[in-house]
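Please see the structure below; I have some questions.
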Amino acid sequence: MAKNLATDMAPPFVLVAHYFLAGAIFYAFSAFLLPFYANEIGGYFLSSSIASLMHLYLLGFVMMVIFGAMYQLVPVVLEIPIFSKDFAYIQFYMFVGGILLFTFGLWNENYTQILPYGAMLVYISMLIFVANIFLTYKNITRWDIVAKYILVSNIFLLIGATIGFIIALNLIYGFYPELVNLVQMHIATTIFGYIIMTIMGIGMILLPMFSLSHGFKQTAIHMAFYTIIIGLLLFLVGTLLNLNLLKFGGVIFTTFAIFAALYQMYLIFSTRIRKQNDFWAKNMMASFATLIISFFMLATGIITKNDLFYILFGFTLFFGFFTFFIVGHIYKILPFLVWYQRYSPLVGKLKVPMLNDMIKEKVADIQFWVTLAGLLLAISAIIFKIPVIFQIGTVIMGIGTLMVMYNIYFTLVYGIEELKNYYKQHPIS
Amino acid sequence: MAITEETVYDAIKTVIDPEVGFDIYSLGLIYGVKVEGDHAHVTMTLSTRGCPLHEMMKQWTREAVERIDGINSCEVEIVWEPAWNVTMASDEVKKALGAL
(Lines give C-alpha, C1' and ligand atoms only; values in the text may rest on other atoms or scores of the structure.)
Protein backbone atom coordinates (compact mmCIF):
# COMPACT_ATOMS: atom_id res chain seq x y z
CA MET A 1 0.00 0.00 0.00
CA ALA A 2 2.66 2.43 1.04
CA LYS A 3 5.05 1.42 -1.71
CA ASN A 4 4.05 4.31 -3.88
CA LEU A 5 5.54 6.62 -1.28
CA ALA A 6 8.78 4.75 -0.82
CA THR A 7 11.96 6.41 -1.93
CA ASP A 8 15.61 5.72 -1.20
CA MET A 9 15.50 8.20 1.63
CA ALA A 10 12.23 7.00 3.15
CA PRO A 11 12.84 4.79 6.18
CA PRO A 12 11.94 1.08 5.96
CA PHE A 13 8.89 1.26 8.23
CA VAL A 14 7.95 -2.43 8.42
CA LEU A 15 11.51 -3.22 9.38
CA VAL A 16 11.47 -0.60 12.12
CA ALA A 17 8.20 -2.02 13.44
CA HIS A 18 9.87 -5.45 13.83
CA TYR A 19 12.42 -3.95 16.20
CA PHE A 20 9.87 -1.89 18.13
CA LEU A 21 7.49 -4.79 18.69
CA ALA A 22 10.24 -7.18 19.75
CA GLY A 23 11.57 -4.44 22.04
CA ALA A 24 8.14 -4.04 23.65
CA ILE A 25 7.85 -7.80 24.24
CA PHE A 26 11.30 -7.94 25.87
CA TYR A 27 10.33 -4.91 27.97
CA ALA A 28 7.24 -6.74 29.25
CA PHE A 29 9.26 -9.91 29.87
CA SER A 30 11.91 -8.01 31.87
CA ALA A 31 9.22 -6.23 33.90
CA PHE A 32 7.63 -9.60 34.73
CA LEU A 33 10.96 -10.98 35.99
CA LEU A 34 12.10 -7.94 37.98
CA PRO A 35 10.06 -8.59 41.20
CA PHE A 36 11.69 -12.03 41.49
CA TYR A 37 15.03 -10.30 42.07
CA ALA A 38 13.98 -8.83 45.42
CA ASN A 39 16.43 -10.97 47.38
CA GLU A 40 19.39 -9.93 45.23
CA ILE A 41 19.09 -6.19 45.72
CA GLY A 42 21.82 -5.99 48.33
CA GLY A 43 24.05 -8.53 46.65
CA TYR A 44 27.05 -8.52 44.40
CA PHE A 45 26.37 -6.63 41.20
CA LEU A 46 28.23 -9.09 39.01
CA SER A 47 25.98 -12.06 39.81
CA SER A 48 25.03 -14.23 36.87
CA SER A 49 21.28 -13.90 37.42
CA ILE A 50 21.45 -10.09 37.61
CA ALA A 51 23.64 -10.06 34.48
CA SER A 52 21.00 -12.23 32.77
CA LEU A 53 18.14 -9.82 33.54
CA MET A 54 20.23 -6.76 32.69
CA HIS A 55 21.13 -8.23 29.29
CA LEU A 56 17.53 -9.21 28.65
CA TYR A 57 16.47 -5.64 29.36
CA LEU A 58 19.36 -3.79 27.72
CA LEU A 59 19.73 -5.95 24.63
CA GLY A 60 16.10 -6.97 24.27
CA PHE A 61 14.44 -3.66 25.03
CA VAL A 62 16.87 -0.72 25.05
CA MET A 63 19.18 -1.69 22.19
CA MET A 64 16.43 -3.36 20.17
CA VAL A 65 14.41 -0.12 20.10
CA ILE A 66 17.55 1.94 19.43
CA PHE A 67 18.50 -0.27 16.46
CA GLY A 68 14.99 0.09 15.05
CA ALA A 69 15.02 3.84 15.57
CA MET A 70 18.41 4.09 13.87
CA TYR A 71 17.07 2.34 10.78
CA GLN A 72 14.32 4.93 10.68
CA LEU A 73 16.40 7.99 11.51
CA VAL A 74 19.72 7.38 9.75
CA PRO A 75 18.38 7.75 6.18
CA VAL A 76 16.47 10.95 6.93
CA VAL A 77 19.02 12.52 9.25
CA LEU A 78 22.08 11.77 7.10
CA GLU A 79 20.15 12.07 3.84
CA ILE A 80 21.53 8.78 2.53
CA PRO A 81 19.79 5.42 2.16
CA ILE A 82 20.64 2.55 4.51
CA PHE A 83 23.28 0.36 2.87
CA SER A 84 21.25 -2.86 3.13
CA LYS A 85 17.72 -3.52 4.40
CA ASP A 86 18.35 -7.27 4.00
CA PHE A 87 21.25 -7.01 6.47
CA ALA A 88 18.85 -5.37 8.89
CA TYR A 89 16.34 -8.26 8.69
CA ILE A 90 19.09 -10.87 9.08
CA GLN A 91 20.45 -8.93 12.04
CA PHE A 92 16.99 -8.79 13.65
CA TYR A 93 16.37 -12.55 13.66
CA MET A 94 19.92 -13.36 14.78
CA PHE A 95 19.66 -10.76 17.53
CA VAL A 96 16.35 -12.09 18.91
CA GLY A 97 17.58 -15.71 18.86
CA GLY A 98 20.93 -14.68 20.33
CA ILE A 99 19.36 -12.72 23.21
CA LEU A 100 17.12 -15.65 24.17
CA LEU A 101 19.98 -18.17 24.15
CA PHE A 102 22.48 -15.85 25.78
CA THR A 103 20.27 -14.69 28.67
CA PHE A 104 19.00 -18.23 29.28
CA GLY A 105 22.60 -19.46 29.36
CA LEU A 106 23.55 -16.73 31.85
CA TRP A 107 20.49 -17.34 34.07
CA ASN A 108 21.14 -21.08 33.99
CA GLU A 109 24.88 -20.52 34.52
CA ASN A 110 25.44 -22.75 31.53
CA TYR A 111 28.63 -21.08 30.35
CA THR A 112 29.86 -23.79 28.01
CA GLN A 113 26.87 -25.21 26.10
CA ILE A 114 24.21 -22.52 25.69
CA LEU A 115 25.74 -19.13 26.51
CA PRO A 116 28.57 -19.16 23.93
CA TYR A 117 26.16 -19.81 21.05
CA GLY A 118 23.87 -17.03 22.23
CA ALA A 119 26.85 -14.70 22.67
CA MET A 120 28.08 -15.56 19.18
CA LEU A 121 24.69 -14.83 17.61
CA VAL A 122 24.39 -11.52 19.47
CA TYR A 123 27.95 -10.59 18.51
CA ILE A 124 27.49 -11.42 14.83
CA SER A 125 24.18 -9.55 14.73
CA MET A 126 25.92 -6.47 16.15
CA LEU A 127 28.74 -6.80 13.64
CA ILE A 128 26.11 -6.82 10.89
CA PHE A 129 24.50 -3.67 12.35
CA VAL A 130 27.80 -1.84 12.69
CA ALA A 131 28.89 -2.91 9.18
CA ASN A 132 25.55 -1.70 7.80
CA ILE A 133 26.01 1.70 9.45
CA PHE A 134 29.67 2.04 8.37
CA LEU A 135 28.84 1.09 4.77
CA THR A 136 25.98 3.61 4.83
CA TYR A 137 28.49 6.28 5.87
CA LYS A 138 30.55 5.65 2.73
CA ASN A 139 28.27 7.99 0.82
CA ILE A 140 27.75 10.65 3.47
CA THR A 141 28.09 14.28 2.48
CA ARG A 142 26.60 16.03 5.53
CA TRP A 143 28.86 15.90 8.58
CA ASP A 144 26.83 17.52 11.31
CA ILE A 145 27.10 16.75 15.03
CA VAL A 146 24.41 14.02 14.84
CA ALA A 147 26.36 12.19 12.12
CA LYS A 148 29.51 12.35 14.26
CA TYR A 149 27.70 10.98 17.32
CA ILE A 150 26.21 8.07 15.38
CA LEU A 151 29.55 7.14 13.82
CA VAL A 152 31.57 7.26 17.04
CA SER A 153 28.88 5.48 19.08
CA ASN A 154 28.99 2.63 16.58
CA ILE A 155 32.77 2.41 16.89
CA PHE A 156 32.25 2.04 20.65
CA LEU A 157 29.57 -0.58 20.01
CA LEU A 158 32.05 -2.55 17.95
CA ILE A 159 34.62 -2.37 20.77
CA GLY A 160 32.03 -3.08 23.50
CA ALA A 161 30.45 -6.04 21.69
CA THR A 162 33.92 -7.50 21.02
CA ILE A 163 34.83 -7.20 24.71
CA GLY A 164 31.47 -8.82 25.55
CA PHE A 165 32.24 -11.76 23.28
CA ILE A 166 35.72 -12.06 24.81
CA ILE A 167 34.07 -12.21 28.27
CA ALA A 168 31.83 -15.05 27.06
CA LEU A 169 34.86 -16.96 25.72
CA ASN A 170 36.75 -16.21 28.93
CA LEU A 171 33.98 -17.89 30.91
CA ILE A 172 34.82 -21.10 29.06
CA TYR A 173 38.60 -20.91 28.69
CA GLY A 174 39.58 -18.58 31.56
CA PHE A 175 42.51 -17.05 29.64
CA TYR A 176 42.19 -13.60 31.29
CA PRO A 177 41.96 -13.58 35.09
CA GLU A 178 40.84 -9.93 35.49
CA LEU A 179 37.16 -10.50 34.71
CA VAL A 180 36.13 -7.32 36.56
CA ASN A 181 38.34 -5.22 34.26
CA LEU A 182 36.73 -6.73 31.18
CA VAL A 183 33.23 -6.16 32.59
CA GLN A 184 34.01 -2.53 33.42
CA MET A 185 35.32 -1.91 29.89
CA HIS A 186 32.28 -3.70 28.46
CA ILE A 187 29.90 -1.52 30.50
CA ALA A 188 31.77 1.70 29.65
CA THR A 189 31.78 1.07 25.90
CA THR A 190 28.27 -0.32 25.49
CA ILE A 191 26.30 1.74 28.02
CA PHE A 192 28.16 5.04 27.74
CA GLY A 193 29.92 4.68 24.39
CA TYR A 194 26.96 3.27 22.51
CA ILE A 195 23.61 3.74 24.25
CA ILE A 196 24.18 7.11 25.92
CA MET A 197 26.17 8.59 23.02
CA THR A 198 23.44 7.50 20.61
CA ILE A 199 20.76 9.07 22.81
CA MET A 200 22.83 12.28 23.02
CA GLY A 201 23.15 12.35 19.22
CA ILE A 202 19.61 11.48 18.16
CA GLY A 203 18.29 13.60 21.04
CA MET A 204 19.48 16.57 18.96
CA ILE A 205 16.94 15.56 16.30
CA LEU A 206 14.10 14.10 18.40
CA LEU A 207 13.86 16.72 21.12
CA PRO A 208 13.71 19.81 18.89
CA MET A 209 11.37 17.96 16.50
CA PHE A 210 8.78 16.97 19.11
CA SER A 211 9.04 20.12 21.20
CA LEU A 212 9.40 22.47 18.20
CA SER A 213 12.50 24.15 19.61
CA HIS A 214 14.60 26.53 17.57
CA GLY A 215 17.37 29.04 17.92
CA PHE A 216 19.32 27.30 20.70
CA LYS A 217 23.13 27.20 20.78
CA GLN A 218 24.81 23.83 20.20
CA THR A 219 28.14 24.49 21.94
CA ALA A 220 27.33 22.19 24.88
CA ILE A 221 26.58 19.12 22.75
CA HIS A 222 29.79 19.68 20.74
CA MET A 223 31.76 19.95 23.97
CA ALA A 224 30.07 16.78 25.28
CA PHE A 225 31.06 14.93 22.11
CA TYR A 226 34.80 15.46 22.54
CA THR A 227 34.85 15.08 26.32
CA ILE A 228 32.95 11.78 26.32
CA ILE A 229 35.39 10.33 23.77
CA ILE A 230 38.38 11.48 25.88
CA GLY A 231 36.68 10.19 29.04
CA LEU A 232 35.94 6.75 27.64
CA LEU A 233 39.40 6.35 26.11
CA LEU A 234 41.06 7.34 29.41
CA PHE A 235 38.83 4.88 31.25
CA LEU A 236 39.63 2.05 28.83
CA VAL A 237 43.39 2.61 28.91
CA GLY A 238 43.34 3.06 32.69
CA THR A 239 41.42 -0.17 33.17
CA LEU A 240 43.61 -2.11 30.78
CA LEU A 241 46.83 -0.93 32.43
CA ASN A 242 45.38 -0.89 35.98
CA LEU A 243 46.10 2.83 36.32
CA ASN A 244 43.48 4.18 38.70
CA LEU A 245 44.36 7.82 38.08
CA LEU A 246 43.58 7.45 34.37
CA LYS A 247 40.34 5.62 35.19
CA PHE A 248 39.32 8.38 37.56
CA GLY A 249 40.14 10.99 34.92
CA GLY A 250 37.95 9.03 32.53
CA VAL A 251 35.04 9.09 34.96
CA ILE A 252 35.45 12.86 35.45
CA PHE A 253 35.52 13.59 31.69
CA THR A 254 32.57 11.28 31.02
CA THR A 255 30.54 12.83 33.84
CA PHE A 256 31.34 16.30 32.51
CA ALA A 257 30.16 15.20 29.05
CA ILE A 258 26.88 13.83 30.40
CA PHE A 259 26.17 17.06 32.27
CA ALA A 260 27.10 19.15 29.21
CA ALA A 261 24.61 17.08 27.19
CA LEU A 262 22.00 17.55 29.90
CA TYR A 263 22.60 21.31 29.75
CA GLN A 264 22.06 21.09 25.97
CA MET A 265 18.75 19.29 26.52
CA TYR A 266 17.79 22.01 29.00
CA LEU A 267 18.56 24.67 26.36
CA ILE A 268 16.36 22.82 23.86
CA PHE A 269 13.52 22.54 26.37
CA SER A 270 13.80 26.16 27.41
CA THR A 271 13.28 27.30 23.79
CA ARG A 272 10.44 24.91 23.04
CA ILE A 273 7.36 26.29 21.41
CA ARG A 274 5.12 23.42 22.44
CA LYS A 275 4.63 24.31 26.06
CA GLN A 276 2.15 21.55 26.93
CA ASN A 277 3.56 19.10 29.45
CA ASP A 278 2.05 16.09 27.72
CA PHE A 279 3.07 12.47 28.32
CA TRP A 280 6.11 12.87 26.06
CA ALA A 281 7.40 15.99 27.83
CA LYS A 282 6.85 14.38 31.25
CA ASN A 283 8.76 11.27 30.18
CA MET A 284 11.65 13.42 28.94
CA MET A 285 11.83 15.44 32.16
CA ALA A 286 11.73 12.25 34.26
CA SER A 287 14.41 10.65 32.09
CA PHE A 288 16.82 13.56 32.57
CA ALA A 289 16.06 13.77 36.31
CA THR A 290 16.78 10.06 36.79
CA LEU A 291 19.98 10.41 34.75
CA ILE A 292 21.17 13.10 37.18
CA ILE A 293 20.17 10.96 40.20
CA SER A 294 21.99 7.94 38.78
CA PHE A 295 25.21 9.95 38.46
CA PHE A 296 24.99 11.07 42.07
CA MET A 297 24.70 7.38 42.98
CA LEU A 298 27.76 6.59 40.86
CA ALA A 299 29.78 9.39 42.47
CA THR A 300 28.73 8.15 45.94
CA GLY A 301 29.72 4.62 44.96
CA ILE A 302 33.18 5.76 43.86
CA ILE A 303 33.71 7.82 47.02
CA THR A 304 32.34 5.28 49.52
CA LYS A 305 33.42 2.15 47.58
CA ASN A 306 30.05 0.66 48.48
CA ASP A 307 28.59 -1.77 45.90
CA LEU A 308 25.06 -0.79 46.91
CA PHE A 309 25.46 2.56 45.14
CA TYR A 310 26.56 0.84 41.93
CA ILE A 311 23.35 -1.18 42.04
CA LEU A 312 21.40 2.06 42.61
CA PHE A 313 23.29 3.71 39.77
CA GLY A 314 22.50 0.86 37.36
CA PHE A 315 18.89 0.51 38.48
CA THR A 316 18.13 4.24 38.20
CA LEU A 317 19.93 4.56 34.88
CA PHE A 318 18.37 1.48 33.28
CA PHE A 319 14.84 1.53 34.69
CA GLY A 320 14.65 5.32 35.05
CA PHE A 321 16.54 7.15 32.33
CA PHE A 322 16.38 4.50 29.61
CA THR A 323 12.76 3.53 30.32
CA PHE A 324 11.37 7.07 30.37
CA PHE A 325 13.35 8.17 27.32
CA ILE A 326 12.42 5.13 25.24
CA VAL A 327 8.77 4.78 26.32
CA GLY A 328 8.24 8.51 25.66
CA HIS A 329 9.54 8.05 22.13
CA ILE A 330 7.66 4.79 21.49
CA TYR A 331 4.49 6.85 22.05
CA LYS A 332 5.65 9.23 19.33
CA ILE A 333 7.30 6.90 16.81
CA LEU A 334 5.01 3.82 16.82
CA PRO A 335 1.83 5.78 15.91
CA PHE A 336 3.81 7.34 13.09
CA LEU A 337 4.88 3.92 11.74
CA VAL A 338 1.31 2.57 11.87
CA TRP A 339 -0.11 5.80 10.48
CA TYR A 340 2.36 5.69 7.60
CA GLN A 341 1.41 2.11 6.66
CA ARG A 342 -2.31 2.55 7.14
CA TYR A 343 -3.19 6.15 6.37
CA SER A 344 -0.50 7.85 4.31
CA PRO A 345 -1.85 6.46 0.99
CA LEU A 346 -5.25 7.91 1.93
CA VAL A 347 -4.17 11.50 2.55
CA GLY A 348 -6.47 13.71 0.51
CA LYS A 349 -8.98 10.86 0.01
CA LEU A 350 -10.19 10.31 3.57
CA LYS A 351 -10.15 12.23 6.84
CA VAL A 352 -7.00 10.82 8.39
CA PRO A 353 -6.31 10.84 12.15
CA MET A 354 -3.64 12.88 13.89
CA LEU A 355 -0.79 10.93 15.47
CA ASN A 356 -1.94 11.84 18.98
CA ASP A 357 -5.36 10.28 18.24
CA MET A 358 -3.59 6.93 17.94
CA ILE A 359 -2.47 6.94 21.56
CA LYS A 360 -4.75 6.81 24.61
CA GLU A 361 -3.33 9.96 26.15
CA LYS A 362 -5.02 9.44 29.52
CA VAL A 363 -3.56 5.93 29.82
CA ALA A 364 -0.12 7.22 28.80
CA ASP A 365 -0.37 9.94 31.42
CA ILE A 366 -1.43 7.57 34.23
CA GLN A 367 1.23 5.09 33.12
CA PHE A 368 3.89 7.75 33.56
CA TRP A 369 2.89 8.43 37.18
CA VAL A 370 2.50 4.72 37.98
CA THR A 371 5.96 3.92 36.58
CA LEU A 372 7.52 6.84 38.44
CA ALA A 373 5.86 5.83 41.75
CA GLY A 374 6.99 2.21 41.31
CA LEU A 375 10.52 3.28 40.47
CA LEU A 376 10.84 5.56 43.50
CA LEU A 377 9.52 2.81 45.75
CA ALA A 378 11.96 0.27 44.30
CA ILE A 379 14.88 2.71 44.69
CA SER A 380 13.91 3.29 48.35
CA ALA A 381 13.75 -0.47 48.85
CA ILE A 382 17.28 -0.88 47.48
CA ILE A 383 18.60 1.88 49.76
CA PHE A 384 16.98 0.42 52.89
CA LYS A 385 17.39 -3.20 51.74
CA ILE A 386 13.72 -4.16 52.16
CA PRO A 387 12.94 -6.92 49.61
CA VAL A 388 9.16 -6.80 50.08
CA ILE A 389 9.05 -3.09 49.23
CA PHE A 390 11.22 -3.81 46.19
CA GLN A 391 8.65 -6.40 45.11
CA ILE A 392 5.78 -3.94 45.56
CA GLY A 393 7.68 -1.21 43.69
CA THR A 394 8.61 -3.43 40.76
CA VAL A 395 5.07 -4.87 40.56
CA ILE A 396 3.80 -1.27 40.29
CA MET A 397 6.40 -0.66 37.58
CA GLY A 398 5.07 -3.84 35.91
CA ILE A 399 1.56 -2.37 35.95
CA GLY A 400 3.04 0.65 34.17
CA THR A 401 4.56 -1.70 31.60
CA LEU A 402 1.15 -3.34 31.04
CA MET A 403 -0.29 0.11 30.38
CA VAL A 404 2.45 0.73 27.81
CA MET A 405 1.52 -2.61 26.20
CA TYR A 406 -2.15 -1.59 26.13
CA ASN A 407 -1.27 1.64 24.33
CA ILE A 408 0.93 -0.23 21.85
CA TYR A 409 -1.98 -2.60 21.16
CA PHE A 410 -4.34 0.38 20.80
CA THR A 411 -2.02 1.94 18.23
CA LEU A 412 -1.53 -1.31 16.31
CA VAL A 413 -5.26 -1.97 15.87
CA TYR A 414 -6.23 1.69 15.39
CA GLY A 415 -8.63 2.24 12.49
CA ILE A 416 -8.56 -1.34 11.17
CA GLU A 417 -12.37 -1.74 11.06
CA GLU A 418 -12.92 1.72 9.58
CA LEU A 419 -10.38 1.04 6.84
CA LYS A 420 -11.83 -2.40 6.08
CA ASN A 421 -15.14 -0.67 5.32
CA TYR A 422 -13.37 1.98 3.27
CA TYR A 423 -11.57 -0.58 1.12
CA LYS A 424 -14.80 -2.55 0.65
CA GLN A 425 -16.33 0.57 -0.86
CA HIS A 426 -13.15 1.61 -2.69
CA PRO A 427 -11.39 -1.58 -3.77
CA ILE A 428 -7.75 -1.19 -4.83
CA SER A 429 -7.62 -1.72 -8.56
CA MET B 1 -8.94 30.25 -17.07
CA ALA B 2 -5.46 30.88 -15.73
CA ILE B 3 -4.65 29.33 -12.35
CA THR B 4 -3.74 31.87 -9.70
CA GLU B 5 -1.29 31.46 -6.85
CA GLU B 6 -4.25 31.80 -4.46
CA THR B 7 -5.76 28.61 -5.92
CA VAL B 8 -2.49 26.80 -5.31
CA TYR B 9 -2.30 28.07 -1.73
CA ASP B 10 -5.88 26.83 -1.15
CA ALA B 11 -4.87 23.37 -2.36
CA ILE B 12 -1.80 23.39 -0.12
CA LYS B 13 -4.02 24.21 2.88
CA THR B 14 -5.50 20.70 2.59
CA VAL B 15 -2.14 19.15 3.52
CA ILE B 16 -2.02 18.49 7.28
CA ASP B 17 1.05 17.75 9.37
CA PRO B 18 -0.22 14.72 11.34
CA GLU B 19 2.21 15.33 14.20
CA VAL B 20 1.27 18.94 14.93
CA GLY B 21 -2.31 18.76 13.63
CA PHE B 22 -2.26 21.92 11.47
CA ASP B 23 -2.08 22.47 7.75
CA ILE B 24 1.37 23.26 6.40
CA TYR B 25 0.34 26.72 5.15
CA SER B 26 -0.84 27.83 8.62
CA LEU B 27 2.34 26.40 10.10
CA GLY B 28 4.28 28.80 7.87
CA LEU B 29 6.12 26.07 6.00
CA ILE B 30 5.30 27.44 2.55
CA TYR B 31 7.81 30.05 1.41
CA GLY B 32 6.52 30.70 -2.07
CA VAL B 33 4.39 29.59 -5.03
CA LYS B 34 4.90 30.31 -8.72
CA VAL B 35 2.53 29.34 -11.47
CA GLU B 36 3.59 29.27 -15.13
CA GLY B 37 0.87 27.99 -17.42
CA ASP B 38 -0.03 24.48 -16.25
CA HIS B 39 3.11 24.10 -14.10
CA ALA B 40 3.44 25.09 -10.45
CA HIS B 41 6.56 25.50 -8.36
CA VAL B 42 6.30 25.41 -4.55
CA THR B 43 9.13 26.42 -2.25
CA MET B 44 8.72 25.11 1.28
CA THR B 45 10.58 24.08 4.39
CA LEU B 46 10.02 21.67 7.29
CA SER B 47 10.00 22.45 10.98
CA THR B 48 12.98 20.14 11.59
CA ARG B 49 15.74 18.94 9.33
CA GLY B 50 15.81 15.13 9.55
CA CYS B 51 12.04 14.88 9.99
CA PRO B 52 10.82 11.41 8.92
CA LEU B 53 7.88 13.08 7.16
CA HIS B 54 10.25 14.85 4.76
CA GLU B 55 9.49 12.80 1.65
CA MET B 56 5.79 12.48 2.42
CA MET B 57 5.22 16.19 2.98
CA LYS B 58 6.85 16.84 -0.36
CA GLN B 59 4.71 14.25 -2.09
CA TRP B 60 1.42 15.30 -0.45
CA THR B 61 2.06 18.91 -1.42
CA ARG B 62 2.82 17.94 -5.01
CA GLU B 63 -0.27 15.70 -5.21
CA ALA B 64 -2.54 18.35 -3.65
CA VAL B 65 -1.43 20.94 -6.20
CA GLU B 66 -1.63 18.49 -9.12
CA ARG B 67 -5.28 17.79 -8.20
CA ILE B 68 -6.14 21.34 -9.29
CA ASP B 69 -7.91 21.40 -12.67
CA GLY B 70 -5.53 23.14 -15.05
CA ILE B 71 -2.32 22.16 -13.26
CA ASN B 72 -0.43 19.44 -15.03
CA SER B 73 2.74 19.26 -13.00
CA CYS B 74 4.10 20.59 -9.77
CA GLU B 75 7.65 20.76 -8.50
CA VAL B 76 8.20 21.01 -4.75
CA GLU B 77 11.52 22.34 -3.55
CA ILE B 78 12.54 21.95 0.10
CA VAL B 79 14.83 24.70 1.38
CA TRP B 80 16.46 25.18 4.80
CA GLU B 81 17.20 28.90 4.60
CA PRO B 82 15.64 30.80 6.21
CA ALA B 83 15.15 28.19 8.94
CA TRP B 84 11.55 27.85 10.08
CA ASN B 85 10.52 29.40 13.38
CA VAL B 86 7.16 29.87 15.04
CA THR B 87 6.87 33.54 14.07
CA MET B 88 6.17 32.27 10.54
CA ALA B 89 3.05 30.40 11.73
CA SER B 90 -0.44 31.87 11.87
CA ASP B 91 -1.76 33.33 15.13
CA GLU B 92 -4.14 30.39 15.47
CA VAL B 93 -1.22 27.93 15.38
CA LYS B 94 0.88 30.04 17.76
CA LYS B 95 -2.01 30.18 20.21
CA ALA B 96 -2.66 26.44 20.03
CA LEU B 97 1.02 25.66 20.60
CA GLY B 98 1.19 28.01 23.54
CA ALA B 99 3.55 30.42 21.77
CA LEU B 100 1.23 33.43 21.93
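Name the residue that is surrounded by the fewest Cβ atoms within 10 Å (Cβ to Cβ), counting only residues in the range A:317-361 that are among the small types (Gly, Ala, Ser) and at the interface with chain B (Cβ under 9 Å from one of its Cβ atoms).
It comes out as A:GLY348.
Kindly evaluate A:LEU212 against the criterion of being touching a Gly at 6+ places or on another chain (Cβ under 6 Å) and over 13 Å from A:ALA260 (Cα atoms).
no
Also: So for the range A:231-242 (the condition being closer than 18 Å to A:LEU262 by Cβ, surrounded by 21 or more Cβ atoms within 10 Å (Cβ to Cβ) and either within 14 Å of chain B (Cβ to nearest Cβ) or touching a helix residue (DSSP H, G or I) at 6+ places or on another chain (Cβ under 8 Å) (or both)), does at least one residue qualify?
yes
Find all pairs meeting these conditions: Cβ atoms under 6 angstrom apart; at least six residues apart or on different chains; first residue within the range B:49-60 and under 23 Å from A:ASP144 (Cα atoms); second residue hydroxyl-bearing (Ser, Thr, Tyr).
B:GLU55/A:THR7
Out of the residues in the range A:362-388 that are among the β-branched types (Val, Ile, Thr) and surrounded by fewer than 18 Cβ atoms within 10 Å (Cβ to Cβ), which is nearest to B:GLU66 (Cα to Cα)?
A:VAL363
Those residues that are touching a residue at least 12 places away in the same chain (Cβ under 8 Å) and of a type in the set (Phe, Trp, Tyr), I need them from the range A:370-394; list them, please.
A:PHE390
Would you be able to tell me the number of residues in the range A:207-250 that are touching a Leu at 6+ places or on another chain (Cβ under 8 Å), modelled with pLDDT under 95 and under 27 Å from A:VAL65 (Cα atoms)?
So the count comes out to 2.
Please enumerate the residues belonging to the range A:76-115 that are touching a Ser or Thr at 6+ places or on another chain (Cβ under 8 Å), within 14 Å of chain B (Cβ to nearest Cβ) and in a helix (DSSP H, G or I).
A:LEU78
Restricting to the range B:67-78, count the residues that are away from every other protein chain (no Cβ under 13 Å) and assigned to a loop (DSSP other than H, G, I, E, B).
Count: 4.
Another question, if that's okay. Please verify whether B:ALA64 is surrounded by 19 or more Cβ atoms within 10 Å (Cβ to Cβ), facing chain A (nearest Cβ under 9 Å) and more than 30 Å from A:VAL16 (Cα to Cα), treating the condition exactly as stated.
So B:ALA64 fails the test.
Determine if the range A:108-124 includes at least one residue that is of a type in the set (Ser, Thr, Tyr) and closer than 18 Å to A:ILE159 by Cα.
Looking through the range A:108-124, at least one residue is of a type in the set (Ser, Thr, Tyr) and closer than 18 Å to A:ILE159 by Cα.
Would a scan of the range A:319-334 turn up a residue that is within 21 Å of A:MET200 (Cβ to Cβ) and polar (S, T, N, Q)?
Yes: one or more hits.
Here's another thing I want to ask about it. What number of residues in the range B:6-48 are facing chain A (nearest Cβ under 8 Å) and under 30 Å from A:ILE80 (Cβ atoms)?
7
Right, here's the next one. Among A:MET200, A:MET285, A:MET265, which is the only one that is assigned to a helix (DSSP H, G or I), more than 14 Å from every other protein chain (Cβ to nearest Cβ) and surrounded by fewer than 20 Cβ atoms within 10 Å (Cβ to Cβ)?
Within the list A:MET200, A:MET285, A:MET265, the selection yields A:MET285.
Let me ask something else about it. State all residues of the range A:71-89 that are under 17 Å from A:ARG142 (Cα atoms), in contact with a Pro (Cβ under 6 Å, 6 or more places away or on another chain) and either surrounded by 23 or more Cβ atoms within 10 Å (Cβ to Cβ) or at pLDDT 90 or above (or both); if no residue qualifies, say none.
A:PRO75, A:ILE82
Regarding A:TYR57, is this residue surrounded by 18 or more Cβ atoms within 10 Å (Cβ to Cβ), touching a residue at least 60 places away in the same chain (Cβ under 8 Å) and within 19 Å of the chain's Cα centre (by Cα)?
yes
For (1) in contact (Cβ under 8 Å) with a residue 24 or more places away in the chain; (2) surrounded by 16 or more Cβ atoms within 10 Å (Cβ to Cβ); (3) not assigned by TED's automatic domain parsing to the domain that holds A:ILE187, each residue gets a yes or a no:
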| site | (1), (2), (3) |
| --- | --- |
| A:LEU246 | no, yes, no |
| A:PHE256 | yes, yes, no |
| A:ALA261 | yes, yes, no |
| A:SER270 | yes, no, no |
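Which of the residues that make up the range B:71-100 are loosely packed, with under 12 Cβ neighbours inside 10 Å and in contact (Cβ under 8 Å) with a residue 60 or more places away in the chain?
B:GLU92
The values are calculated or read from the model by the stated rules, or taken from the named source; none is laboratory data. None of these values were measured; they are calculated from a predicted model. As a convention, Cβ positions derive from the backbone with ideal geometry for all residues, glycine included, and neighbour counts pool all protein chains shown.
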